[in-house]
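Report on the following structure.
The values are calculated or read from the model by the stated rules, or taken from the named source; none is laboratory data. Since we're looking at a predicted model, the values are computed, not measured. Glycine also receives a Cβ, built like all others from the backbone with ideal geometry; neighbour counts cover every protein chain displayed. Keep in mind that these areas ignore ligands, DNA and RNA; they rest on the heavy atoms of the full protein, side chains included. Shrake-Rupley method; radii C 1.70, N 1.55, O 1.52, S 1.80 Å.
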Amino acid sequence: MKKITILCFLLSFYSALAQDNYNQFWQELFSNNRTSATATLKNVNDNSVKNLIVNEMMRVENGKFRTNKDFLPAFLNDKNYQYYLYALWNENYLFNTYLETGFNSKNIGAIRSVAKKNPIHSTIKDAIIYLESVLARDSKDWKTYRSKMNDIPSFRHWQYCGVFENLNKSGLDRVYGPETNANSDAPFDAESNGFVNWYTAKNQEEAYQFFTNHEEYGSGVNYAQTFVTADKDETVILRIGSGSAFKIWLNDVVIFENKQDVVTDLDAYQVKVTFPKGNNRLLIKTAESDYGSYFIVSPLNLDGSHNTNLKDSANYAAYNQSTASQLVAVPIANSFETFFADKLSQNPNDFFNAYCLVKTYLRNSKYEEAKKVLQPFLDQYPKSSLLRKLMISVYSLEEDYTSIQEINKNMELDDDSYYLPVLLKVMLFDELTRMSLTELEEYLEKTIDLEIMHETADFIYNARQEDKAKVRKNLDKLMKMADGNTKLILRYAPLYASLFEEENKTISLLENLEKSTFDLALVRQLVSYYDRRNQKDKVMDMLTNEIEYLGTDNYYLRSIINKLHQYQKHKESLKYIDQGLSNFPDSFVFQELKGDALLQIDKKKAIIAYQASLAHNSNDKSLRKKLKDLNNENNVLKDLVIEDAYSVIS
């Protein structure tokens, strides 16, 4: 008993000592004394996951971005790693900001390491599966892409209806026809967008539902409905992610509403609800004020596992009429937010937990909540570069770009050795090109261990010196450093053609990449080079290569149709136009394209297609004039002027 007491005392003593060192560390880091903070951190005797992560944070704060090979294996061995993974998902030492920077060997390796760990939390599990599916797609492994995507248990079978107006963000509260009518022979009045009706969406292979085909109308309100059958009363947790403000109904009863038009992950919102026995209508309404409207709805059992009992269908059938008391809809807190909020409440001065909670909030664009957590620390350390960096993320979500500019300016003035201003200048390529040669030389001496950044600056420096031999060496090195990153290769490869008149080399590099990589930007670059050489067959082969997998995407189809029209192959384009209208029957863009194609074949049918387009896009003055010309209609004002002129003459 005495030994146990002594052991407990020692553990308590070392824990308190470690916390004292952490407190000193945070004070030094907030004061931008990174050298002292680094030394203090080395004295922390702590083998926890917290210490692992804080050391990686410190490496980033010191401008050290090279992979620490010891970090990830140790991190994944912690029992709570899934919570920290969620919070720190886009950190440099995990997956980085792959949406902006693309995939490379480093973050691909991290994704695969986590996948091998077989995470059990449904959100982490499904998010990793989704990333694996994206990697498979990017590698043209479409079979694996579809297989992985099918492992994510979201509702897939939907009818869509839209687009309705969202003027001044009022659309979420406006009642449009689809809300009260799940099946209608008569179309719904979408006001300036004409009349629209329910249709069956074709992207049933996707876990996420994207209203991409609707974006020709601009931002607005879209509806989606699915009919869910339950063999018995089934209480589940609906896990919802959306890129817009939204409402969701079950059997015409609102069960959840989010008024924030922000981007979120697949588990941003959760609601516990009971699906009554029989057929049920699940309706979601999204109100988008910008672009990129999407959603995902997944049914989970109460223990968080995937529910396989509920069956969804896009086919309308009579459905249950329910009351709120029958459905018992109750919002459920995000488990990751709760985890870190609880830790922070236990120790409000521990910035590590505050940092993780802020990062968790930002995953789902909860910038107001993140700001509240940061404010006490900002009040005490207003010039902290770390805190300012976090506020840049907050202001970015708020779209407060004036404050971001002010932070960047002050950060460079108050802490000129901090890595972020330097990094931003590399990301904003124009900033480097505007530097004087002296400034560029000073920049090259900055202590950031990303070799590619220094090579980029050296490339610009040598280009400014007009030293083509050195520029060529820089470019060769940059291509090697791209490390399979498609975005970087697409940036560097064209420089062989533009700087050294080596178009064949550029095309060869792009063609080699295309053999094993799917990327529409890559396709567009190659099409541009082939078009310039009048290689029409290569252009069409390149554009139609993935039609089997992308045929539901009207933006993809439009690239094919536009090129066929450019080549005067109007009849050949009709099958792609009809495919686009099957994807989205109320597409005014595809009706006009149909008119353009038919104009070369059958004038009367072309007029009908143009009229159908104009019914949805009545403000298209150019198309209206084209119709008048085709119908040989006189300009009313012109007739009046001519008649008045003749009356004067007579």
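Within the range 238-258, the set of residues being open to solvent by 10 Å² or more (accessible area, probe 1.4 Å) and either among the basic types (Lys, Arg) or in contact with a His (Cβ under 8 Å, 6 or more places away or on another chain) (or both) comprises Lys247 only.
Among the residues of the range 152-170, the ones that are under 18 Å from Phe227 (Cα atoms) and touching a Ser or Thr at 6+ places or on another chain (Cβ under 9 Å) come to 8 in all.
The residues of the range 141-164 that are at pLDDT 95 or above, in a loop (DSSP other than H, G, I, E, B) and open to solvent by less than 50 Å² (accessible area, probe 1.4 Å), listed by number, are Ile152, Ser154, Phe155, Arg156, Trp158. Of the residues making up the range 437-475, those that are among the polar types (S, T, N, Q) and either modelled with pLDDT under 70 or at positive phi (or both) number 1.
Within the range 463-502, the set of residues being farther than 22 Å from Tyr529 by Cβ and in contact with a helix residue (DSSP H, G or I) (Cβ under 7 Å, 6 or more places away or on another chain) comprises Ala463, Arg464, Lys470, Asn474, Lys477, Met481, Asp483. Scanning the range 45-69 for residues that are without any contact (Cβ under 8 Å) to a residue 40 or more places away in the chain and not β-branched (Val, Ile, Thr) yields a count of 12. All conditions but one from (1) open to solvent by 60 Å² or more (accessible area, probe 1.4 Å); (2) under 24 Å from Glu337 (Cβ atoms) apply to Leu131; the one that does not is (1).
Before we move on, is Lys371 part of a helix (DSSP H, G or I), among the charged types (D, E, K, R), surrounded by 15 or more Cβ atoms within 10 Å (Cβ to Cβ) and without any contact (Cβ under 8 Å) to a residue 60 or more places away in the chain? So Lys371 fits the description; yes. Being at pLDDT 95 or above, open to solvent by 20 Å² or more (accessible area, probe 1.4 Å) and part of a helix (DSSP H, G or I) is a property that holds for Ser582.
Out of contact with any helix residue (DSSP H, G or I) (no Cβ under 8 Å at 6 or more places or on another chain), under 15 Å from Thr486 (Cβ atoms) and among the hydroxyl-bearing types (Ser, Thr, Tyr): which single residue out of Ser139, Ser122, Ser105 fits that description? Give the steps one after another, and end with the answer.
Details: Ser139 fails: out of contact with any helix residue (DSSP H, G or I) (no Cβ under 8 Å at 6 or more places or on another chain); Ser122 fails: under 15 Å from Thr486 (Cβ atoms).
Testing whether each residue is out of contact with any helix residue (DSSP H, G or I) (no Cβ under 8 Å at 6 or more places or on another chain), under 15 Å from Thr486 (Cβ atoms) and among the hydroxyl-bearing types (Ser, Thr, Tyr) leaves just Ser105.
You will find that of Lys277, Lys272, Lys311, Lys285, the residue that is closer than 12 Å to Phe246 by Cβ and either touching a residue at least 24 places away in the same chain (Cβ under 8 Å) or surrounded by fewer than 22 Cβ atoms within 10 Å (Cβ to Cβ) (or both) is Lys285 and no other.
Within the set Asn51, Asn43, Asn32, Asn68, the sole residue that is open to solvent by 40 Å² or more (accessible area, probe 1.4 Å), closer than 25 Å to Ser384 by Cα and either of a type outside the set (Asp, Glu) or in contact with a Phe, Trp or Tyr (Cβ under 9 Å, 6 or more places away or on another chain) (or both) turns out to be Asn43.
Would you confirm whether or not the range 361-368 contains a residue that is open to solvent by less than 20 Å² (accessible area, probe 1.4 Å), assigned to a loop (DSSP other than H, G, I, E, B) and either within 30 Å of Asp252 (Cβ to Cβ) or acidic (Asp, Glu) (or both)? Reasoning before the result, please.
Within the range 361-368, the first condition is being open to solvent by less than 20 Å² (accessible area, probe 1.4 Å), and the residues that meet it are 364-365.
Of the ones still in play, those that are also assigned to a loop (DSSP other than H, G, I, E, B) are 364-365.
Adding the requirement that they be either within 30 Å of Asp252 (Cβ to Cβ) or acidic (Asp, Glu) (or both) leaves 364-365.
Looking for residues that are open to solvent by less than 20 Å² (accessible area, probe 1.4 Å), assigned to a loop (DSSP other than H, G, I, E, B) and either within 30 Å of Asp252 (Cβ to Cβ) or acidic (Asp, Glu) (or both), one finds at least one in the range 361-368, hence yes.
Tell me whether the range 409-426 contains one or more residues that are more than 25 Å from the chain's Cα centre (by Cα), more than 22 Å from Glu100 (Cα to Cα) and modelled with pLDDT under 85. Scanning the range 409-426, I find no residue that is more than 25 Å from the chain's Cα centre (by Cα), more than 22 Å from Glu100 (Cα to Cα) and modelled with pLDDT under 85, so the answer is no.
Condition check: among the aliphatic types (A, V, I, L, M), within 24 Å of Trp198 (Cα to Cα) and not in a loop (DSSP other than H, G, I, E, B). Does Ile248 satisfy that? Full working, then the answer.
Numbers: among the aliphatic types (A, V, I, L, M): yes; within 24 Å of Trp198 (Cα to Cα): yes; not in a loop (DSSP other than H, G, I, E, B): yes.
Against the criterion (among the aliphatic types (A, V, I, L, M), within 24 Å of Trp198 (Cα to Cα) and not in a loop (DSSP other than H, G, I, E, B)), Ile248 qualifies.
For the range 614-629, a residue qualifies if it is without any contact (Cβ under 8 Å) to a residue 24 or more places away in the chain and crowded, with 19+ Cβ neighbours inside 10 Å, and exactly one does: Lys626. Would a scan of the range 83-101 turn up a residue that is modelled with pLDDT of 95 or more, farther than 27 Å from Thr486 by Cα, of a type outside the set (D, E, K, R) and in contact with a Phe, Trp or Tyr (Cβ under 6 Å, 6 or more places away or on another chain)? Scanning the range 83-101, I find at least one residue that is modelled with pLDDT of 95 or more, farther than 27 Å from Thr486 by Cα, of a type outside the set (D, E, K, R) and in contact with a Phe, Trp or Tyr (Cβ under 6 Å, 6 or more places away or on another chain), so the answer is yes. Please tell me if Arg558 is under 31 Å from the mean Cα position of the chain (by Cα), basic (Lys, Arg) and either more than 25 Å from Val134 (Cα to Cα) or at pLDDT 95 or above (or both). Answer is yes for this residue.
For the range 193-214, a residue qualifies if it is under 22 Å from Asp620 (Cβ atoms) and either of a type in the set (A, V, I, L, M) or crowded, with 18+ Cβ neighbours inside 10 Å (or both), and the qualifying residues are Asn193, Gly194, Val196, Asn197, Phe211, Thr212, Asn213, His214. Annotation note: of Thr235, Thr229, the sole residue that is over 22 Å from Ile332 (Cβ atoms), assigned to a strand (DSSP E or B) and open to solvent by 10 Å² or more (accessible area, probe 1.4 Å) is Thr229. If you check Lys563 against the conditions, is it assigned to a helix (DSSP H, G or I), open to solvent by 50 Å² or more (accessible area, probe 1.4 Å) and of a type in the set (Lys, Arg)? Against the criterion (assigned to a helix (DSSP H, G or I), open to solvent by 50 Å² or more (accessible area, probe 1.4 Å) and of a type in the set (Lys, Arg)), Lys563 does not qualify.
Look at the range 573-596: where a residue is hydroxyl-bearing (Ser, Thr, Tyr) and a partner is open to solvent by less than 20 Å² (accessible area, probe 1.4 Å), sitting 6+ places away or on another chain with Cβ atoms under 6 Å, you get Ser573/Ile561; Ser573/Leu564; Ser573/Ala597; Tyr576/Leu557; Tyr576/Ile560; Tyr576/Ile561. Checked against the criterion of being at pLDDT 95 or above, open to solvent by 40 Å² or more (accessible area, probe 1.4 Å), under 20 Å from Gly194 (Cβ atoms) and in contact with a helix residue (DSSP H, G or I) (Cβ under 9 Å, 6 or more places away or on another chain), the candidates Gln525, Gln611, Gln591 yield just one match: Gln611.
Identify all residues within the range 165-192 that are in a helix (DSSP H, G or I) and either open to solvent by less than 40 Å² (accessible area, probe 1.4 Å) or touching a residue at least 24 places away in the same chain (Cβ under 8 Å) (or both); write none if there are none. Scanning the range 165-192 gives Lys169, Gly171, Leu172, Gly177, Pro178, Glu179, Thr180, Glu191, Ser192. Yes or no: Thr264 open to solvent by less than 40 Å² (accessible area, probe 1.4 Å), in a loop (DSSP other than H, G, I, E, B) and either β-branched (Val, Ile, Thr) or in contact with a Cys (Cβ under 7 Å, 6 or more places away or on another chain) (or both)? Answer is yes for this residue. Kindly check whether there is at least one residue in the range 82-98 that is without any contact (Cβ under 8 Å) to a residue 12 or more places away in the chain and either more than 30 Å from Arg491 (Cβ to Cβ) or among the β-branched types (Val, Ile, Thr) (or both). Yes: one or more hits.
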